[in-house]
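Notes follow the structure.
The values are calculated or read from the model by the stated rules, or taken from the named source; none is laboratory data. Since the structure is predicted, the reported quantities are computational estimates derived from the model, not experimental observations. Counting neighbours? That spans all protein chains shown, and the Cβs are built from the backbone with ideal geometry, glycine included.
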Amino acid sequence: MRSFISGNDAVAAAVRLAAPEVISAYPITPQTTVIERLAEYVESGGLDAEYIHVESEHSAMSAAMGASLAGVRTFTATSSQGLLYMAELLPYAAGGRFPIVMMNANRSLALPWNIYGDQRDSLSQLDCGWIQAYAENAQEALDMTLMAYYIAENERVRVPFMVNLDGFHLTHTYEVVEIPSQKQADEFLPRFETENKIDFDRPKNFGFSAGPDWNAQFHREHHEAMLRSTQVIAEAEDKFARIFGRKYSGALDAYRCDDAEYILVTLGCVSGICRQVTDALREEGVRAGVLRIRYMRPFALDEIRAILAPARASAVLEKDISFGNAGTVFTNVGAAAMNVIGGLGGADISREHVRSIFVRLKNGENGVIWL
Amino acid sequence: MAVSVKNLDSREFFFGHKACAGCGGSLAVRIALKVLGARAVAVLPAGCMSAVGFNFPQLAFSNNALITPFAATASVMTGIEAGLRRRGEIAHVVGFAGDGGTADIGLQALSGAIDRGDNLIYICYDNEAYMNTGIQKSGLTPFGARTTTTPITGSVRRKKDMLAIVAANGAEYAASASVGYLDDYVTKIEKAAAKPGFKYIHVIAPCPTGWGIKTNETIEIAREAVDVGLWRLREYENGQWLENCAPSRPEDLVKHLTRQGRFSALDTDKLEETKNV
């Protein structure tokens, strides 16, 4: 069914199809319409789930962990200050290997206060042990959310999954979205089964301490699961394409990069206008390309470097700054000459801005540049 | 038949842990699980009982149990209860949080769970300071008690009244208890287990290390606190308060305080003042 809906609506639609049994929710702009839609679904009987009105994001993630420990599928959503308020719980949920799916509406961090979109919230949490994916449009947000359950819950992964949408630019922009049928969703998404749950026949202790003798072993297993998730992401996308007819490209989405002399690395919904500018530059004889990162964790470092290596120069455009250093995407990529900081606090990134980045690349500029 | 200390379950659900000798908190956990049985899920935040009970691979709970983040006892319990209900599992979800985990850092999540009326049993084992980290003052440290963060004068504030706070938030049942009066404690746990909604039991649990008492005095001190009227046994039920017993020897209050090392900062005047707070 094709519908004209927002990015947040698309996430809510995907969650309804995935049918989590427990949803814990605390409102924060610009995430709110996701949890409002889900409340409507639950109250109207369109979604059979426990909807827990928690009193904070800290409790939203805590309740999601508890429900996951009870062995059921869960969902929660947050943004910005809320993500940071639950930051203590993020490594906890990951270390406990609870395959929680959470939507994060990317939003700036205070101070100064700002409700608009940038990516400083989620990028500050890269090391918490979650899979982190970034959608570009509402259709991808829906599809990514469905796939998030497949990937997170897979027995070779068992790691929580954060689906990121640019605040307002994506969460509140209306687009035509294909909403799959429940039958298709059920064909795609297996039932959630796990051994890592409360069991009265074989009682277990969870969330325990592990001293120096054991600690690294748990972290290494977690790390290896994250690495294995690359394979599971590919499997999920293959199966998704067979059922829904839409094919995604794993960790990266490379556009006209094969013969590109100048490549712009991007994250999230700004990628669309970067491709438009690329097309325009190509017509003017400039061999431009765009490399959109879809997954920040697991991170496709080798593939990124292989794509960037033949180019003359590349830049990372990101809505983030690690104060005193550079943008976090730039430092992760490690192979780009220039780091363009833009879009902070919802600032517009125009086609002219993007064109100017390619011009500066051609002129041999490098280092951290503010739009 | 009502459960009493005479017919308690002979099985042990919490053993092989490394709690200090004379620990009141570990007794509170052990006895509560004997009342609630094998289908209890024990939820413990950071604190003494989680520190002594969950050291992989030496795991001390024979039922399902977990450590939660410090502030998250009640909210993790909420998620577990909802998830188990979805699975059709009948179980008691029981929390064991210390005084700091309850009255300080865990208070917000506790309030949320009470507000939702979640079907949970929350037990605060109160040893009146952050004992796990080395005896620092909490919101439930009593007036005059020396801790490592009130090292000279002792605490200048009285304990928060957690029972009143919990009742005001709308709990179904709230009760105070003492590890010195186990029959009363056991009866209250059994009562809580039979009720729907949010139940709260606040059990005073002496800590020899932090209180400056001998390891064989835990029970005696826990009884005496009730007898001298310092720790009142009360219940809140159907919107009504009930005093379970009157202090049997209020005249021994000063004697009760002076035998505990933690009250050594109290001079004669302050000891008199204690009678008023």
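Tabulated data for the structure shown
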read-out	value
Inter-residue pairs, beta-carbon under 8 Å, first under 16 Å from B:His92 (Cα atoms) and assigned to a helix (DSSP H, G or I) and in region B:18-38, second among the polar types (S, T, N, Q) and at pLDDT 95 or above, 6+ apart	B:Leu33/B:Asn63
Number of positions in region A:80-93 that are at the interface with chain B (Cβ under 7 Å from one of its Cβ atoms) and among the hydrophobic types (A, V, I, L, M, F, W, C)	1
For A:Asp253: the one exception among (1) within 23 Å of A:Ala138 (Cα to Cα); (2) in a helix (DSSP H, G or I)	(2)
Residue check, A:Pro99 within 14 Å of chain B (Cβ to nearest Cβ) and either assigned to a strand (DSSP E or B) or at pLDDT 95 or above (or both)	yes
Among residues of region A:14-49, those that are surrounded by 23 or more Cβ atoms within 10 Å (Cβ to Cβ) and farther than 26 Å from A:Gly66 by Cβ, counted	1
Test: residue in region A:34-44 that is more than 13 Å from chain B (Cβ to nearest Cβ) and under 19 Å from the mean Cα position of the chain (by Cα)	yes
Only one of A:Val163, A:Val159 that is surrounded by 22 or more Cβ atoms within 10 Å (Cβ to Cβ), outside any strand (DSSP E or B) and in the same structural domain as A:Ser24 (by TED's automatic domain parsing)	A:Val159
Unique residue being surrounded by fewer than 21 Cβ atoms within 10 Å (Cβ to Cβ), more than 8 Å from chain A (Cβ to nearest Cβ), at pLDDT 95 or above and out of contact with any Cys (no Cβ under 6 Å at 6 or more places or on another chain) when the list is B:Leu120, B:Leu107, B:Leu33	B:Leu107
Qualifying residues in region B:234-263 (those that are among the acidic types (Asp, Glu) and closer than 30 Å to B:Glu172 by Cα) - the one surrounded by the fewest Cβ atoms within 10 Å (Cβ to Cβ)	B:Glu243
Scan of region B:41-59 for residues that are more than 8 Å from every other protein chain (Cβ to nearest Cβ), under 18 Å from A:Pro203 (Cα atoms) and surrounded by fewer than 24 Cβ atoms within 10 Å (Cβ to Cβ), ordered by number	B:Gln58
Per-region count, region A:194-234, residues surrounded by 12 or more Cβ atoms within 10 Å (Cβ to Cβ) and more than 24 Å from the chain's Cα centre (by Cα)	16
Matching entry among B:Ala82, B:Ala113, B:Ala72 (being under 20 Å from the mean Cα position of the chain (by Cα), facing chain A (nearest Cβ under 7 Å) and either at pLDDT below 95 or part of a helix (DSSP H, G or I) (or both))	B:Ala72
Residue within region A:256-279 that is under 18 Å from A:Asn366 (Cα atoms) and either assigned by TED's automatic domain parsing to the domain that holds A:Gly129 or touching a Phe, Trp or Tyr at 6+ places or on another chain (Cβ under 6 Å) (or both) present	yes
Those residues of region B:176-224 which are under 20 Å from B:Met77 (Cα atoms), touching a residue at least 60 places away in the same chain (Cβ under 8 Å) and part of a loop (DSSP other than H, G, I, E, B), in sequence order	B:Pro196, B:Gly197
Of all residues in region A:166-204 being of a type in the set (Val, Ile, Thr) and not in a loop (DSSP other than H, G, I, E, B), the one that is nearest to the other protein chains (Cβ to nearest Cβ)	A:Val177
Residues of region B:39-59 classified as part of a helix (DSSP H, G or I) and within 25 Å of A:Phe98 (Cβ to Cβ), total	5
Of all residues in region B:236-251 being touching a helix residue (DSSP H, G or I) at 6+ places or on another chain (Cβ under 7 Å) and touching a residue at least 24 places away in the same chain (Cβ under 8 Å), the one that is farthest from B:Val179 (Cα to Cα)	B:Tyr236
Residue list for region B:60-69, restricted to those being touching a helix residue (DSSP H, G or I) at 6+ places or on another chain (Cβ under 7 Å), at the interface with another protein chain (Cβ under 7 Å from one of its Cβ atoms) and either under 24 Å from A:Ser24 (Cβ atoms) or not in a strand (DSSP E or B) (or both)	B:Asn63, B:Leu66, B:Ile67, B:Thr68, B:Pro69
Selection status of A:Asp258, in a loop (DSSP other than H, G, I, E, B) and farther than 17 Å from A:Asn332 by Cα	yes
Test: residue in region A:233-246 that is part of a helix (DSSP H, G or I), of a type in the set (Val, Ile, Thr) and modelled with pLDDT of 95 or more	yes
Sole residue being in a helix (DSSP H, G or I) and either without any contact (Cβ under 8 Å) to a residue 12 or more places away in the chain or small (Gly, Ala, Ser) (or both), chosen from A:Gln217, A:Gln276	A:Gln217
Every residue from region A:50-79 that is of a type in the set (Gly, Ala, Ser) and either facing chain B (nearest Cβ under 7 Å) or not in a strand (DSSP E or B) (or both)	A:Ser56, A:Ser59, A:Ala60, A:Ser62, A:Ala63, A:Ala64, A:Gly66, A:Ala67, A:Ser68, A:Ala70, A:Gly71
Condition met for A:Pro91 (surrounded by fewer than 23 Cβ atoms within 10 Å (Cβ to Cβ) and in a helix (DSSP H, G or I))	yes
Qualifying residue in region A:16-26 (condition: touching a residue at least 12 places away in the same chain (Cβ under 8 Å), more than 16 Å from B:Arg86 (Cβ to Cβ), in a helix (DSSP H, G or I) and within 14 Å of chain B (Cβ to nearest Cβ))	no
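Let's see how each residue does on (1) without any contact (Cβ under 8 Å) to a residue 12 or more places away in the chain; (2) of a type in the set (Ser, Thr, Tyr); (3) assigned to a helix (DSSP H, G or I):
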position	(1), (2), (3)
A:Ile307	no, no, yes
A:Ala311	no, no, no
A:Val316	no, no, no
A:Asp320	no, no, no
A:Val340	no, no, no
A:Glu352	yes, no, yes
